[in-house]
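Please read the structure below before turning to the comments.
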Amino acid sequence: MESKDKYDISALPVDIAAGTTTEFSAPKPGFLHAVDRFLKLDTASDERRSNEDLDPVPPSGRTWRMRHYALFWISDHLSVSGFRGAASVMKVGLSWKLALVCIALANVIQGVFITINGIVGAQYHIPFSIQARASFGYYLSYVMILMRMIVAIFWYGIQAYTGAECVQSILYALWPSFHNVKNTLPESANITTQFMTAYVIYFLMCLPLHYVGVQRLKWLFLVKAITTPIACFALLGWMVAKVGVGENSLFDQGNTIHGSELGWTFMNSLYSNIGSGVTLMVNAPDYSRYATSQAATYATAIAVPFTATVMALIGVIVASGSNVLYGQILWDPLLIVNNWTSSGGRAAAFFISFSFLLSQLGLNIAANSLAAANDMNCLLPRYINIRRGQFIAALLGSWALTPWNILTSAPAFLNFMSGYSVWLGPICGILVSDYFFVHMKKYNIFELYNFNGMYKYYRGVNWRALLAFTIGWVPLLPGFLPTVSNIPAVAGMIHLYDLGFFYGFGAACFSYWALCYIKPAKETYLERGVFVDEYMNSSAEDIGAELGLFGDEAIEKRST
């Protein structure tokens, strides 16, 4: 195989181990054939069911250094969402001190697990959707990818709503008369004509950025990392100067709940805020695959808790101060700047709102649309690449989801954040267990793209992963259902649900390892990992002859 700037793994045998190939029949001529030819990607490969965006990232695409990951997480947390996460914890009864501890601890856990699961991406340069094949099997992985994709689309819609809030505040600052726009929508719509206008503007602003691609948006992350902290600290300084720190100030607000209720509320809030990052834990390889080296991704473990804690502190202080200043906790900082009606106040409101708008644009693209696009790319590699997937995610998340019906209160927001981690926590546990403890970081990169190869398991399903996944989420279901329905709650089940991430991740991780130890899939074990870089100048025949040891022999020798 010739050395190229991008990999052409289509030259490899479809089944290296067995030496067989798979034949695909061409579509019949006609209208549908013409449509198929029009929609099919130029880089799509029917043989390995992949395309250029799904293949391992070539050396030329590995451009993210440690500073880029740091900037990404700085811009990710210094946002309106960062304000909301901390203040909503206070809304359910925690003091500012305990809320800060809760947010900080949750993000330390997030940072550690995002870094850990991201190592496979930095080493093999593959996305989560390809990584999942090694543990779940080719076809069961599609179920997990679909679950992750739905969550990403949901988050896209929620962040689009926040972005529209930024646009609305900008319009308030520029044209105060925008406050008086007549609402022509019914109350049952849960959105006004005024806000719908801002929502459409934000949606249209996102579309060109989806076309550019995340690798070319580093400038946006840099600008965000400069402007958003300035805006956040300016808002913080104004609030402290306005409210003060004396008696009855923002530092004088304690817990509104006590005893065991306080303890379980803290755990539920901790679980909720961990849950908001489980999506990033699962699809961490989607970002780490672009790293120049594995060490570059370690910035995540520091940047996530540091920036989130700083943002939590600012958000808690500002939200607490708003309770003193306005008589209620405003867990959205844009609601605060909307009260600035003087000429100087409107100028400050415009700058802060515009800074948050930049933050939301980059956050929604990098953290949500990119993740959903990678998942769609794997499900339909013949027709969807990352660019097309981002546009589809934008349409579904912004309009099919109707996020204005979800974000109605702080408890609803917490319930939404925590609910889906019932399933994603076990997925993350299985991924980590498989890579570090079962396969000892030894994958065959070519076989991950071979649907008739070693990771097929039984008809594309690894029953060990399916059983471990079930063990991880089923016991949490009785505690989850009462939070989203009128089903009567049982205290013990609710408390188990409050510990959901720790149980779901831990139970799935351990049970998967135990099942693989008792009944190993010997055909998937290697003496050493097979990396695509090692074979850039090798022929397909050489690759087949040099793949290493499999099965029983690998099990005996992999410890060495």
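Suppose we filter the stretch 331-352 for residues that are open to solvent by less than 20 Å² (accessible area, probe 1.4 Å) and either part of a loop (DSSP other than H, G, I, E, B) or in contact (Cβ under 8 Å) with a residue 40 or more places away in the chain (or both); how many remain?
7
With the requirement that a residue be of a type in the set (Phe, Trp, Tyr) and open to solvent by 10 Å² or more (accessible area, probe 1.4 Å), what does the stretch 353-384 give you?
Passing the criteria: 354, 383.
Which count do you get for residues in the stretch 183-207 that are in a helix (DSSP H, G or I), at pLDDT below 90 and not small (Gly, Ala, Ser)?
Of the residues in the stretch 183-207, 1 are in a helix (DSSP H, G or I), at pLDDT below 90 and not small (Gly, Ala, Ser).
Taking into account only those residues within the stretch 500-515 that are surrounded by 16 or more Cβ atoms within 10 Å (Cβ to Cβ) and over 21 Å from the mean Cα position of the chain (by Cα), which is nearest to residue 271 (Cα to Cα)?
Only one residue tops the list, namely 507.
Between 436, 413, which is modelled with pLDDT of 95 or more and part of a helix (DSSP H, G or I)?
The conditions single out 436.
When you go through (1) surrounded by fewer than 24 Cβ atoms within 10 Å (Cβ to Cβ); (2) modelled with pLDDT under 90 one by one for residue 155, which number turns out not to apply?
Checking residue 155 against (1) surrounded by fewer than 24 Cβ atoms within 10 Å (Cβ to Cβ); (2) modelled with pLDDT under 90, the one that fails is (1).
Every residue in the stretch 389-398 that is open to solvent by 10 Å² or more (accessible area, probe 1.4 Å) and touching a residue at least 60 places away in the same chain (Cβ under 8 Å), please.
391, 396
To keep it simple, each residue is scored yes or no on (1) in contact with a helix residue (DSSP H, G or I) (Cβ under 6 Å, 6 or more places away or on another chain); (2) more than 28 Å from residue 374 (Cα to Cα).
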{"site": "148", "(1), (2)": "yes, no"}
{"site": "183", "(1), (2)": "yes, yes"}
{"site": "186", "(1), (2)": "no, yes"}
{"site": "197", "(1), (2)": "no, yes"}
{"site": "203", "(1), (2)": "yes, no"}
{"site": "212", "(1), (2)": "no, no"}
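Whether any residue in the stretch 505-522 is without any contact (Cβ under 8 Å) to a residue 60 or more places away in the chain and touching a strand residue (DSSP E or B) at 6+ places or on another chain (Cβ under 9 Å) is what I want to check.
yes
Which pairs have Cβ atoms under 7 Å, sit 6 or more apart or on different chains, and link a residue in the stretch 287-315 that is under 13 Å from residue 106 (Cβ atoms) to one that is surrounded by 21 or more Cβ atoms within 10 Å (Cβ to Cβ) and modelled with pLDDT of 90 or more?
Listed by first residue and then by second, the contacts come to 304/107; 304/110; 304/111; 304/114; 305/107; 305/111; 308/107; 309/107.
Identify all residues within the stretch 285-311 that are in a helix (DSSP H, G or I) and over 18 Å from the mean Cα position of the chain (by Cα); write none if there are none.
The answer is 294, 295, 296, 306, 309, 310, 311.
Within the stretch 444-488, restricting attention to residues that are open to solvent by 70 Å² or more (accessible area, probe 1.4 Å) and free of Cβ contacts under 8 Å to residues at least 12 places away in the same chain, which residue is nearest to the chain's Cα centre (by Cα)?
463
So, restricting to helices (runs of 4 or more DSSP H) that lie completely within the stretch 65-149, which ones have at least 2 residues that are open to solvent by 10 Å² or more (accessible area, probe 1.4 Å) and under 25 Å from residue 354 (Cβ atoms)?
Because the criterion is at least 2 residues that are open to solvent by 10 Å² or more (accessible area, probe 1.4 Å) and under 25 Å from residue 354 (Cβ atoms), the helices (runs of 4 or more DSSP H) in the stretch 65-149 that meet it are 66-77, 80-91.
What single numbered condition from (1) in a helix (DSSP H, G or I); (2) of a type in the set (D, E, K, R); (3) out of contact with any helix residue (DSSP H, G or I) (no Cβ under 6 Å at 6 or more places or on another chain) fails to hold for residue 165?
It is condition (3) that residue 165 fails.
Go through the residues of the stretch 334-347 one by one and say whether even a single one is modelled with pLDDT under 95 and closer than 24 Å to residue 366 by Cα.
yes
Specify the residue that is least open to solvent (accessible area, probe 1.4 Å); the eligible residues are those in the stretch 489-499 that are without any contact (Cβ under 8 Å) to a residue 24 or more places away in the chain and not in a helix (DSSP H, G or I).
489
The values are calculated or read from the model by the stated rules, or taken from the named source; none is laboratory data. Source: prediction; values computed, not measured. Every residue, glycine as well, gets a Cβ built from its backbone with ideal geometry; the counts of neighbours run over all protein chains shown. Side chains included, ligands, DNA and RNA excluded: accessible areas come from the protein's heavy atoms. Shrake-Rupley method; radii C 1.70, N 1.55, O 1.52, S 1.80 Å.
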